[in-house]
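A.B. asks: Submitted below is the structure of interest, expressed as structure tokens.
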Amino acid sequence: MATNHDGGEAILEAFRSLGVEHIMSSPGSEWSPVWEALARQKTSNRPGPDFIECWHETLAVNMAMGYTQYSGKMQAVLLHAGVGLMQGEIGIHTARNFEVPMVVMSGESITYGEDPGVEPGAQWYGSLGIVGGPQRIVEPVTKWATQAGSVHTLYEQTVRAGEMAQHIPQAPTYLNVPLEHMLSEWTPPANLRNVPPVPKLQPLDADIQAVADMILEAKNPVVVTDSVGREPDAFRALVALCDLMAIPVGEGRVTAYGNFPKDHPMYLGMQGAKIAKESDCVLLVKSRAPWYPPSDRPANATVIAISENPLKGHFPYQNLQADHYLEGSVAATLKALTAALKAKGADPSKYAERHARAKSEHDKWNARLRDAEQKAKDKDGAIDPLWLVGAIREVMPKDTVYLEETIMHSGILKEHLPWNEPQCFYTVGGGLGQGTGIALGVKMAAGKRPVVLFIGDGAFLYNPITQALGASRQHNLPILIVICNNLKYSAMQRNHTEYYPKGAAVQHDVWHGVHIDGPEYSELGKPFGFHGARVEKATELVGVLKAGLASIQSGTTSILNVMLSR
Ligand SMILES: Cc1ncc(C[n+]2csc(CCOP(=O)(O)OP(=O)(O)O)c2C)c(N)n1
Ligand SMILES: [Mg+2]
């Protein structure tokens, strides 16, 4: 099947084979061949990915990440040369930390105008080249990074990059595509294939049986998790296991997703490390850093790590102190454990006492939360963050998706925000400046569901705001941005105080790297026609949140500048 198509078509064909829905991109001169292929795709009415234009590379990577975190479906990211790649790198690093697959590409020239048959553009010779190729820049934060060998390998190398990104451990992969390859004629292979889904692997039955016995023998088994909720199937499988055996669930400071129904009697909030200390059998279900300091393991417990990828090679240090591993699909493992336990005679009626104990803890936890929110409501002066979550509880619909890029408020948000289903909560981490993009990517995948991003005033200023608001408008992605404004980088002040409790800064109230003299954030959406409001009084908060909700429900992003007391 000879055609006149070139390497640009090879890349687009590979994306079609991979089932990529969106190409998230910030433009660069190397991408004309792909744009040509996209134009042909459109004019010939062929199905295939669309092109999501972003005004900033961090945003493009972040949107791909958010979309994949919500939907589970990998996307592609096209950046420019080494320079665009460097701007996108913080997002790639974050995707690596969160084990989110994506295929990232950028280009270079390998002939620099010396080949009389190719005119790549003088910029490649003049300023864009990177010694050793742009892949060197992202090697430490990707699973695999290389240069495409030729136009003849380009289709398969793109497919392979996409497959590798999705197989365990999931991570971004990177392909440097020389412009010369993309401009060369490409003959598609005879057998274009649809890439098969990643097969789910699961532990051997003997290992499942052994762990089931340990759980049966334990007096006080507990679950500690931070990421099981990434997969709705695993979320529900964990609920089924905990229902069967009356196993309480706690989370910790690195909680990345909504992992368990907050209204479930076995849910004990952010008390993962605490309940582990009192347990004789700890199931670490997708838990990458359950206790701190890392060696501070529960003294009397058997520790069982359940994960697709328990030993996270992308972290320089980790110390799970696991006594046993169940490695493979977490949803499949949890279902297999539940089935094995049932077969061994487990029945909720046998654990009624344990259930009652955990339920009583859960009720106390829940009452504590509500009580704190209501007390905060009545405080005079600026708004207490506890009342912010109380008001959110009153206003936001049940299907709201929450994200947070905050520091000092992160614990309160994770503990208090209401959700009972999977795909309701996402933490942004790995370096400030990515919350808006990830929220837009989540919104793109979540359809009509309201999406709310809580973001610190400091964190907000690290984001490409103009670009994110532009993407929100251009791609019709209304989100509610709630700025948790304490007028400072409060975390910096806390750290400084911990390092120098009696230092000059504390004694004389002289701070560096703390105060933020920011603009009126609620007005930043004006050029885009967006809604905005500043709120200072607790009594006005509910009304302002309702206005923000009405705005996103009518299709317009809203920025609420919430002045907090701390
Ligand atoms: C890219 C990046 N630069 C700098 C930091 C260091 N940093 C961590 S927390 C923080 C303060 C964030 O301020 P804000 O969002 O207002 O949260 P607050 O500390 O007030 O809770 C800073 C600057 C970082 N994490 N990432
Ligand atoms: Mg702040």
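A.B. asks: Only one of Q474, Q493 is of a type in the set (S, T, N, Q), away from ligand 2 (no atom under 16 Å from the Cβ), outside the structural domain of E57 (by TED's automatic domain parsing) and out of contact with any Gly (no Cβ under 7 Å at 6 or more places or on another chain); which?
C.D. replies: Q474
A.B. asks: Looking at (1) free of Cβ contacts under 8 Å to residues at least 24 places away in the same chain; (2) touching a Lys or Arg at 6+ places or on another chain (Cβ under 6 Å), which is the one condition that is false for H515?
C.D. replies: (1)
A.B. asks: The conditions are (1) assigned to a helix (DSSP H, G or I); (2) under 25 Å from R230 (Cα atoms); (3) touching a residue at least 60 places away in the same chain (Cβ under 8 Å), and I275 fails exactly one of them. Which is it?
C.D. replies: (3)
A.B. asks: Still on this structure, please answer the following. Name every residue in the stretch 70-86 that is of a type in the set (S, T, N, Q) and surrounded by 24 or more Cβ atoms within 10 Å (Cβ to Cβ), in order of residue number. Reasoning before the result, please.
C.D. replies: Pass one, the stretch 70-86, residues of a type in the set (S, T, N, Q): 71, 75.
Q75 - this is the single residue of the stretch 70-86 that is of a type in the set (S, T, N, Q) and surrounded by 24 or more Cβ atoms within 10 Å (Cβ to Cβ).
A.B. asks: Taking the stretch 477-504 as the region of interest, how many residues are away from ligand 1 (no atom under 15 Å from the Cβ), crowded, with 16+ Cβ neighbours inside 10 Å and more than 24 Å from Y67 (Cα to Cα)? Write out each step before concluding.
C.D. replies: Going through the stretch 477-504, the residues away from ligand 1 (no atom under 15 Å from the Cβ) turn out to be 477-480, 500-504.
If we keep only those that are crowded, with 16+ Cβ neighbours inside 10 Å too, we end up with 477-480.
This time we only want the ones that are more than 24 Å from Y67 (Cα to Cα), so: none.
Total meeting the criteria: 0.
A.B. asks: While we're here: Which of the residues spanning the stretch 80-129 are under 23 Å from L12 (Cβ atoms), under 24 Å from the mean Cα position of the chain (by Cα) and more than 16 Å from ligand 1 (Cβ to nearest atom)?
C.D. replies: H80, G84, L85, V100, P101, M102, V103, V104, M105, S106
A.B. asks: Could I ask something else about it? Got a sec? Which helices (runs of 4 or more DSSP H) wholly within the stretch 55-166 have at least 3 residues that are of a type in the set (F, W, Y) and not assigned by TED's automatic domain parsing to the domain that holds S26? Explain how you work it out, then say what you get.
C.D. replies: Numbers: elements: 57-71, 81-97, 135-138, 151-166.
Answer list for the stretch 55-166: none.
A.B. asks: Restricting to the stretch 363-420, and then to whatever is among the polar types (S, T, N, Q) and either in a loop (DSSP other than H, G, I, E, B) or within 16 Å of ligand 2 (Cβ to nearest atom) (or both), can you tell me which residue is farthest from G431 (Cα to Cα)?
C.D. replies: Filtering the stretch 363-420 down to residues among the polar types (S, T, N, Q) leaves 366, 374, 400, 406, 410, 420.
Then keep just the ones that are either in a loop (DSSP other than H, G, I, E, B) or within 16 Å of ligand 2 (Cβ to nearest atom) (or both); that gives 400, 406, 410, 420.
Details: T400: 25, T406: 11, S410: 14, N420: 28 Å.
Step by step, filter the stretch 363-420, then rank; the result is N420.
A.B. asks: While we're looking at this one, here's another question. Out of all the residues in the stretch 313-352, which are among the charged types (D, E, K, R) and buried (at least 16 other Cβ atoms within 10 Å of the Cβ)? Write out each step before concluding.
C.D. replies: Let us first name the residues in the stretch 313-352 that are among the charged types (D, E, K, R), namely 323, 327, 335, 342, 344, 347, 350.
Within the stretch 313-352, E327, K335 meet the criteria.
A.B. asks: Could you tell me whether the stretch 152-163 includes any residue that is more than 28 Å from K312 (Cα to Cα) and crowded, with 21+ Cβ neighbours inside 10 Å?
C.D. replies: Scanning the stretch 152-163, I find at least one residue that is more than 28 Å from K312 (Cα to Cα) and crowded, with 21+ Cβ neighbours inside 10 Å, so the answer is yes.
A.B. asks: Would you call V389 touching a helix residue (DSSP H, G or I) at 6+ places or on another chain (Cβ under 9 Å) and either of a type outside the set (A, V, I, L, M, F, W, C) or away from ligand 1 (no atom under 16 Å from the Cβ) (or both)?
C.D. replies: On the way: touching a helix residue (DSSP H, G or I) at 6+ places or on another chain (Cβ under 9 Å): yes; either of a type outside the set (A, V, I, L, M, F, W, C) or away from ligand 1 (no atom under 16 Å from the Cβ) (or both): no.
The answer is no for V389.
A.B. asks: Sticking with this one: Of the conditions (1) touching a residue at least 24 places away in the same chain (Cβ under 8 Å); (2) closer than 26 Å to G72 by Cα, K398 fails just one. Which one is it?
C.D. replies: (1)
A.B. asks: Let me ask something else. When you scan the stretch 518-549, how many residues do you find that are in a loop (DSSP other than H, G, I, E, B) and over 12 Å from N485 (Cβ atoms)?
C.D. replies: From the stretch 518-549, those in a loop (DSSP other than H, G, I, E, B) are 518-520, 524-525, 529-530, 536-537; that's our starting set.
Those still in the list that are over 12 Å from N485 (Cβ atoms) too: 524-525, 529-530, 537.
Total satisfying the criteria: 5.
A.B. asks: Name the one entry in K537, K546 that is more than 16 Å from ligand 2 (Cβ to nearest atom), under 22 Å from H409 (Cα atoms), touching a residue at least 40 places away in the same chain (Cβ under 8 Å) and in contact with a helix residue (DSSP H, G or I) (Cβ under 6 Å, 6 or more places away or on another chain).
C.D. replies: Numbers: K537 fails: in contact with a helix residue (DSSP H, G or I) (Cβ under 6 Å, 6 or more places away or on another chain).
Testing whether each residue is more than 16 Å from ligand 2 (Cβ to nearest atom), under 22 Å from H409 (Cα atoms), touching a residue at least 40 places away in the same chain (Cβ under 8 Å) and in contact with a helix residue (DSSP H, G or I) (Cβ under 6 Å, 6 or more places away or on another chain) leaves just K546.
A.B. asks: Could you list all residues from the stretch 311-352 that are touching a residue at least 24 places away in the same chain (Cβ under 8 Å), within 24 Å of the chain's Cα centre (by Cα) and part of a loop (DSSP other than H, G, I, E, B)?
C.D. replies: Listed by number, the residues that qualify are K312, G313, H314, F315, Q318, N319, L320, G328, S329.
A.B. asks: Ok, one more. So, of the residues in the stretch 241-296 that are among the polar types (S, T, N, Q) and more than 25 Å from the chain's Cα centre (by Cα), which turns out to be surrounded by the fewest Cβ atoms within 10 Å (Cβ to Cβ)?
C.D. replies: Filtering the stretch 241-296 down to residues among the polar types (S, T, N, Q) leaves 255, 259, 271, 279, 287, 295.
So of that shortlist, the ones also more than 25 Å from the chain's Cα centre (by Cα) come out as 279, 295.
On the way: S279: 24, S295: 8.
It comes out as S295.
A.B. asks: I'd like to check which helices (runs of 4 or more DSSP H) are fully inside the stretch 428-476 and have at least 3 residues that are near ligand 1 (Cβ under 10 Å from one of its atoms).
C.D. replies: 457-462
A.B. asks: Continuing with this model, one more query. Restricting attention to the stretch 437-452, does a residue exist that is within 14 Å of ligand 2 (Cβ to nearest atom), under 25 Å from G258 (Cα atoms) and touching a helix residue (DSSP H, G or I) at 6+ places or on another chain (Cβ under 9 Å)? Lay out the reasoning, then the answer.
C.D. replies: To start, the set of residues in the stretch 437-452 that are within 14 Å of ligand 2 (Cβ to nearest atom) comprises none.
Checked against the condition, which is being within 14 Å of ligand 2 (Cβ to nearest atom), under 25 Å from G258 (Cα atoms) and touching a helix residue (DSSP H, G or I) at 6+ places or on another chain (Cβ under 9 Å), the stretch 437-452 yields no hits at all.
The values are calculated or read from the model by the stated rules, or taken from the named source; none is laboratory data. Keep in mind it's a predicted model, so treat the numbers as computed, not measured. A quick note on method: Cβ atoms are made from the backbone with ideal geometry, for glycine too, and the neighbour counts reach across all protein chains shown.
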